[in-house]
1. Does any residue of region 109-118 turn out to be within 16 Å of ligand 3 (Cβ to nearest atom), within 29 Å of VAL51 (Cα to Cα) and either more than 40 Å from the chain's Cα centre (by Cα) or assigned by the TED database to the domain that holds THR168 (or both)?
2. Which members of region 391-419 meet the condition of being among the aromatic types (Phe, Trp, Tyr) and buried (at least 17 other Cβ atoms within 10 Å of the Cβ)?
3. Could you tell me whether any residue of region 280-289 is within 16 Å of ligand 1 (Cβ to nearest atom) and outside any helix (DSSP H, G or I)?
4. Being within 16 Å of ligand 3 (Cβ to nearest atom), out of contact with any Cys (no Cβ under 7 Å at 6 or more places or on another chain) and outside any helix (DSSP H, G or I), is that true of even one residue in region 150-172?
5. I need a count of the residues in region 62-104 that are away from ligand 3 (no atom under 16 Å from the Cβ) and not in a strand (DSSP E or B).
6. What residue, of VAL480, VAL461, is touching a residue at least 40 places away in the same chain (Cβ under 8 Å), in contact with a strand residue (DSSP E or B) (Cβ under 8 Å, 6 or more places away or on another chain) and outside any strand (DSSP E or B)?
7. Restricting attention to region 301-317, and to residues there that are in a loop (DSSP other than H, G, I, E, B) and under 15 Å from the mean Cα position of the chain (by Cα), which single residue is surrounded by the fewest Cβ atoms within 10 Å (Cβ to Cβ)?
8. Only residues that are in contact (Cβ under 8 Å) with a residue 60 or more places away in the chain, within 10 Å of ligand 3 (Cβ to nearest atom) and either within 17 Å of SER320 (Cβ to Cβ) or buried (at least 22 other Cβ atoms within 10 Å of the Cβ) (or both): list them for region 264-287, please.
Amino acid sequence: MNSFNHRRYRAFPAVHKPDRRWPNRRMHHAPTWTSVDLRDGNQALVSPMSVAQKMEMFDLLVRMGFKEIEVGFPAASQPDFDFVRKIIEEKRIPEDVTIQVLTQARENLVERSYAALQGVQRAIVHVYNSTSPAQREQVFGLDKEGVKAIAVRGAEWVKAGAARFPETRWTFQYSPESFSNTELDYAVEICEAVMSVWHPEEGQPVILNLPATVESAMPNVFADQIEWFCDHLRGREHVKISVHTHNDRGCAVAAAELAVLAGADRVEGTLFGNGERTGNMDILTMAMNLYSQGLDPKLDLSMGEAISEIYTRCTGMAVSPRHPWFGELVYTAFSGSHQDAIRKGINHRQGQDAAVWEVPYLPIDPADLGRNYEAVVRINSQSGKGGVSHVLERDYGISLPRWLAQEFSAVVQKATEEQSGEITAKQIYALFESHFVKRNGDWQMQRYRLQREGEKVIASVVMGTEAHPRILQGKGSGAVGALVDALIQGAGIYAEVEQFDQHALGAGTGARAMACARVSVESAGTASAVSFGEDTTEAALQSVLSAIGKAGAVVRLHQNDAQKRG
Ligand SMILES: CC(=O)SCCNC(=O)CCNC(=O)[C@H](O)C(C)(C)COP(=O)(O)OP(=O)(O)OC[C@H]1O[C@@H](n2cnc3c(N)ncnc32)[C@H](O)[C@@H]1OP(=O)(O)O
Ligand SMILES: CC(C)C(=O)C(=O)O
Ligand SMILES: [Mg+2]
C-alpha cells in the first residue's frame, strides 16, 4: 500500500477573527531580538557546543548587538551549567546585555537554574510546559487543569527561587510550549494563571513567549493567533509578548514578521535559523528584511563574513550559498539579462547623488555586508555581452563599444561552453587579448607621419617588421581614410572600415586611448581588432592594420612597386 497518503493529515482550522487588523499595519521599528542560539540552536546540534564554542558564539552575539541572549538550559548538562557560571564569574556579560536561561517547570530543574545564575546582575528565567491537546493527552496524561497546574507550580518555583537572590534584577518568562497548536482560550487562561502568580501589574517584569514549536499552519494563521491572544489577555499592557517560531513549513520568518504586525514586541530566533528539525526563525533574515525596507534592525550585520565563519566553526553547520542575504551566491548574477541590468543600474548610479539604493536584481548594496562587487557578476555559459563588458570595465577599465561587446561575448560564450563552467576575469582578459589585441608582425605599424594638404590628410606609414619594412602613402579626409587609401595604393588591399570606435581609457590601464576597428577586406574576410596607445592616432591606425591582418588580407605588390623591384 502506498504510504504517501494525504488523507492521514488534516487542515489547520482558521481563526475566526472578523476584527482582524494586522494586515493593514506596517512595521515601524525592529522588535526586541532574543538570540536562542546557545539553547535552542545548541540543543539541535549533533554535537552540542563546548564551553569554548559557546563563549565564541556569545561574544559574536554581543558584538552584533543582541541585548537578550538565552545562554543555555543550565539544568540540562554540565557544559551548559559551566558556561553560565563562566560568563558570570568572569564578568563577560556587558552592562546592557541580559542573559536568559530555560528550565522545565520542575522544581529541581528550576533550583539548578538559580544555582547557575547566582551572582548575575540581571537575568531572565524562562520556564515552559507544553499545552496543546496532543501534549496534554500523550505526554503528560493530564487534562487542561492538570497542565495548568504544572505551569502554576513552575511559576511559583521561579518566583520563590528569585526571592532567594534579591540582589539580581529578575525578569520572568513563561512559554506555553506548542502554543500554536493549543486552543486559544486555553492558552490565554494558562498565561493568565501564570501572571496571577507573578503579578506583572505590580511591577514584576514578565514576558509571555508564544511559540510555534512545530509550525503547522500558514503564517497568517499564526498572526491571527497572536492578535487574538493579545486582544483577549487580561493585563496585556503589563507584559511583553514574544514569539518563537520554528520553520517546519519554511515560513518561520514570515510568521514572526506577521506576528509583529499582530502585536508581538519581541522575537526569539537564531543565526541562520539553526534549531530543532528545520530550525528556528532566522534572525539574520528577519533583521535584513527590515534593513532592506529602510528600518534600523538594531543589530550590526555589516560583518557578514565573520558571522558566517564563527557560526560555522561553533555549530559545525554549513551556510547555504542561497541563504537569504548572507549566502555566498546571493549577490551574484550569472545570467546575461540580470548582468546587463546590474551593469546598467550600477553605471546609472555613478555620478548621481542617489541617496536611496535602487539597482535591478540587487535588493541591497552588497557592500553593506562587506561584499565586494567582484562577486556580483560572474561569467559562465548563461552570461551575455552585458556581463562580459562589466567584467572588462570593472577589472581592466576597458569599455567595449556595443558592436565589439557583441562579437566578444560570442567568443567568451564558446570558451565557457568548451570548459563547461565559470570563466574568470583573468581568462576573459586573456581571450580578449588573444582575439583582438595580439598582432601579426607583418601588420605592425613602425611609425607614421601625417601632413595636411588643404582639406585632405596625407598619411605616410611604415609597417611590417624591422627586417622587411613596407612604406605606404595615401590621402583621405582623415588619418584612417588616408591609411585605407595607402593600402589600396601601396599594397593592393581594398578594405572597408565597417566599425570604428575610439575613446580614452580609465586610469590604471597604462594607456591613454583604445581604438577598435572592424574591417572587411575584399577577397579576404571581416575581422575586428583593438589597439591601445599613448597616441590616439597611432592606436587608430594600428587597430585598422591589425583588423586587416586578422581578416586574412594578403599584401599584393603594387604595380609600381613591382616595377621598381623588377
Ligand atoms: C520545544 C523545546 O525546545 S523545549 C526544550 C527542550 N530542550 C531540552 O529538552 C534539552 C534539555 N533537556 C534535557 O537535557 C533533559 O530533558 C533534562 C535534563 C532537562 C531532563 O531530563 P529527564 O529528567 O531525564 O527527563 P526527560 O526530559 O526524559 O523527561 C521528561 C519528563 O519531564 C516531564 N516534562 C517535560 N517537559 C516538562 C516541562 N516543561 N515541565 C514539567 N515537566 C516536563 C515529562 O512529562 C516527563 O515526565 P515523566 O518522567 O513523568 O514521564
Ligand atoms: C521552549 C520553547 C520556547 C521552545 O523552544 C519551543 O516551543 O520551540
Ligand atoms: Mg524552540
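The values are calculated or read from the model by the stated rules, or taken from the named source; none is laboratory data. Predicted model, so just to flag it, every value in this text is computed and none were measured. Here the Cβ positions follow ideal geometry from the backbone for every residue, glycine too, while neighbour counts run over all protein chains shown.
1. No, there is no match, as no residue in region 109-118 is within 16 Å of ligand 3 (Cβ to nearest atom), within 29 Å of VAL51 (Cα to Cα) and either more than 40 Å from the chain's Cα centre (by Cα) or assigned by the TED database to the domain that holds THR168 (or both).
2. Of everything in region 391-419, those that are among the aromatic types (Phe, Trp, Tyr) and buried (at least 17 other Cβ atoms within 10 Å of the Cβ) turn out to be TYR396, PHE408.
3. Yes, that holds for at least one residue.
4. Looking for residues that are within 16 Å of ligand 3 (Cβ to nearest atom), out of contact with any Cys (no Cβ under 7 Å at 6 or more places or on another chain) and outside any helix (DSSP H, G or I), one finds none in region 150-172, hence no.
5. 28
6. On inspection, the qualifying residue turns out to be VAL480.
7. For region 301-317, the residue satisfying everything is SER302.
8. GLU268, GLY269, THR270, GLY275, ARG277, GLY279, ASN280
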